[in-house]
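The block underneath contains the structure these notes are about, expressed in structure tokens.
Derivation of every value follows stated rules applied to the coordinates shown; laboratory data play no part. Not measured: the values here are computed from a predicted model. Note that we place each Cβ from the backbone using ideal geometry, even for glycine, and neighbour counts take in every protein chain shown.
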């Protein structure tokens, strides 16, 4: 725990040797710390980055995010930078190539899901204008009050993430369930789930306030 400026002790916040207070999960590895400080929770409107995150969240199922984060550059190389218009044209040879690539997670179902989802993403852009315009429609109302580690644990699935997962499934997407959808929302800034007392929380609030919704 750490003390915030009001002197209230918050569960799940750790102050590092650099004097920065962070969510507890960011302290276990350097990759987590950089991701926490510069990416997680900051709003994103770029379609490629949004598709990448949906894809990597699918690969994470059953694994830790740190495993995926450490392989992210390899995933980007293997999947054409997650440019879904290109992935939509992947075929059997690409599946075989990806299954032989030890630098990524070699799971046939997840690999084929990314290719399928790329084709569905092309369709969605044709129907909605952009992935960003579609996905940000599911942004929840801002929550008030304090957020500690126990409170965050209760937010793994929400009404909005269920609605997003249901709609994506209706559109033919795979490996995007409600838990995956909410993790995506947290990472891409549709919500600010940095804990109360975490220094990044205010930075994310500022970024979200300045963000132009698609």
- Message: Rounding to the nearest 10 and keeping the result within 0 to 90°, find how far the Cα-based axis of helix 199-210 lies from the longest principal axis of the chain.
- Response: 60 degrees
- Specify the angular offset, from 0 to 90 degrees and rounded to the nearest 10, of the alpha carbon long axis of helix 47-60 from the longest principal axis of the alpha carbons in the chain. 90 degrees
- Between helix 108-128 and the chain: long-axis angle, C-alpha atoms, 0 to 90°, nearest 10: 90 degrees
- Query: Cα centroids of the range 179-214 and the range 93-110: how far apart, whole angstrom?
  - Reply: 32 Å
- Task: For the range 80-214, calculate the relative contact order in percent as a whole number, restricting contacts to Cα pairs under 8 Å that are 6 or more residues apart.
- Result: 22 percent
- Only helical DSSP H runs with n ≥ 4 go in: add -39500 (n - 2.57) per run for the chain, normalise by residue count and round the 222 nm mean residue ellipticity to 500 deg cm²/dmol. -15500 deg cm²/dmol
- Task: Among 166, 110, rank each residue by its count of other Cβ atoms within 10 Å, from fewest to most, as a rough exposure measure.
- Result: 166, 110
- With the contact rule set at Cα under 8 Å and sequence spacing of 6 or more, what percent relative contact order holds for the range 1-152? 20 percent
- Reviewing (1) 16.1, 46; (2) 17.8, 59; (3) 24.3, 79, the figure for Rg and Dmax of the Cα atoms in Å actually calculated from this model sits under (2)
